[in-house]
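The values are calculated or read from the model by the stated rules, or taken from the named source; none is laboratory data. No experiment lies behind these values; they were computed from the predicted model shown. All Cβ positions, even for glycine, are placed from backbone atoms using ideal geometry, and neighbour counts span all protein chains on display.
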Amino acid sequence: MSLEKIRSCPIALQQYPQIILAHGGGGRLTHQLIAEIFAPAFAMGDRAQQDAAIFSLLPQQSKLAFTTDSYVVKPLFFAGGDIGSLAVNGTVNDLAMMGARPLYLSAGFILEEGLAMDTLWQIVQSMRKAAEIAGVQIVTGDTKVVDRGKGDGIFINTAGIGAIATNLEILPQSICEGDVILLNGDIGRHGIAIMAAREGLEFESEIQSDCLALAELVMALLEGGVEIHAMRDLTRGGLATALNELASDTNLHMMVEETAIAVREDVRAVCEILGLDPLYVANEGRFVAFVPESEVEKAIAIASNFPEAGGQMKAIGRVVDRAKSLVSLRGKIGLTRILSMLSGEQLPRIC
């Protein structure tokens, strides 16, 4: 690349001449990196911020969804999961958020010299079990080994293909004024479980990650005729970041109710001690769905048949108007504040 092209790079190189950890935290810097470096280079447009790409091999054929993700979580094992189950469930969920039934995964392993063979065995068996539960097959993969001290044990990349299971256009652009925002459970457990394992924190009750596959719940909603306009899983950056992404993509104003958002008391207490906001803490089994108000009761009734994945589904807010690109939170005493996107990151290496 010429010096002139470097100088014209849209990201302020004087401010960020090198990649920093916050570029991977899911907040404002991550989105800047995608929007101003990757998306223009690969002509991705609005697709760059979606959970998966939608395509068909021939015009007459049904649509497919394709996604890829990499997992660098530290530590490798935590309450409620490990890097193996996380890699499978995270990719399955990205496909499900596009209305696709997950079918096949690939798995790429970057192994560090010195990794215990027993550790690798446990992770692979965890992936096998997670794939069986999610109803997908791991059909291909790759293995590379890097020098001792260069790989942090193991990194995993997974890619997934799924078949679109609906004629609905489940995209941010389908969100309408008046849509109700549904959330399928309590938030913040995954990030806090990672923090507890990483820092050796002990609490009166063990906080387990919500790491699980969401595809069966999503398929049930679609097969039950629920008119879903858009979905987004709440991973890096948590609920607030996911809503900000969608508000930015659609120029819509979203209002959420603090009293409707479930946060376990132990999670809330840990967040207060550590100075964290649970609205921005990562999850691995939570998503928001945007549906017309007439569909809310039907969606909640269907979700109740999935106790772990959807038993706590409830309406947490709605889309109030257009042309504001804003997320607002109405607090317990009626005051409203703006939920902005994080500039950096709260918890590094959570997925």
- For Glu227, indicate whether it is surrounded by fewer than 23 Cβ atoms within 10 Å (Cβ to Cβ), in contact with a strand residue (DSSP E or B) (Cβ under 8 Å, 6 or more places away or on another chain), modelled with pLDDT under 95 and not basic (Lys, Arg). no
- Filtering the stretch 40-60 for residues that are in a helix (DSSP H, G or I), surrounded by 14 or more Cβ atoms within 10 Å (Cβ to Cβ) and at pLDDT 75 or above leaves a count of 0
- Item | Single residue of Ser70, Ser2 found to be among the polar types (S, T, N, Q), farther than 28 Å from Leu347 by Cβ and either modelled with pLDDT of 75 or more or more than 17 Å from the chain's Cα centre (by Cα) (or both) | Ser2
- Message: Among the residues of the stretch 261-291, what is the count of those that are assigned to a helix (DSSP H, G or I) and touching a His at 6+ places or on another chain (Cβ under 9 Å)?
- Response: 0
- Does Val72 fit the bill of being more than 30 Å from Glu257 (Cβ to Cβ), of a type in the set (Val, Ile, Thr) and surrounded by fewer than 17 Cβ atoms within 10 Å (Cβ to Cβ)? no
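Here is a yes/no grid of residues against (1) modelled with pLDDT under 95; (2) assigned to a strand (DSSP E or B); (3) not small (Gly, Ala, Ser):
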site: Leu239; (1), (2), (3): no, no, yes
site: Leu243; (1), (2), (3): no, no, yes
site: Asp249; (1), (2), (3): yes, no, yes
site: His253; (1), (2), (3): no, yes, yes
site: Thr259; (1), (2), (3): no, no, yes
site: Lys298; (1), (2), (3): no, no, yes
site: Gly317; (1), (2), (3): no, yes, no
site: Ser343; (1), (2), (3): yes, no, no
- Message: With the condition being surrounded by fewer than 21 Cβ atoms within 10 Å (Cβ to Cβ), touching a Gly at 6+ places or on another chain (Cβ under 8 Å) and in contact (Cβ under 8 Å) with a residue 60 or more places away in the chain, I'd like the strands (runs of 3 or more DSSP E) fully within the stretch 119-195 carrying at least 1 qualifying residues.
- Response: 154-164, 180-183
- Item | the stretch 286-310, subset out of contact with any Gly (no Cβ under 7 Å at 6 or more places or on another chain) and more than 16 Å from His229 (Cα to Cα), residue surrounded by the fewest Cβ atoms within 10 Å (Cβ to Cβ) | Pro307
- Note on the structure: Note on the stretch 255-277: residues of a type in the set (A, V, I, L, M) and either buried (at least 17 other Cβ atoms within 10 Å of the Cβ) or touching a strand residue (DSSP E or B) at 6+ places or on another chain (Cβ under 8 Å) (or both) are Met255, Val256, Ala260, Ile261, Ala262, Val263, Val267, Val270, Leu276
- Query: Scanning for something closer than 20 Å to Val180 by Cβ, in a loop (DSSP other than H, G, I, E, B) and at pLDDT 95 or above, does the stretch 319-335 turn up at least one residue?
  - Reply: no
- Take the stretch 49-62 and flag every residue that is touching a Ser or Thr at 6+ places or on another chain (Cβ under 8 Å) and under 19 Å from Arg232 (Cβ atoms). Asp51, Ala52, Ala53
- Within the stretch 276-314, residues being of a type in the set (Gly, Ala, Ser) and touching a Leu at 6+ places or on another chain (Cβ under 8 Å) number 7
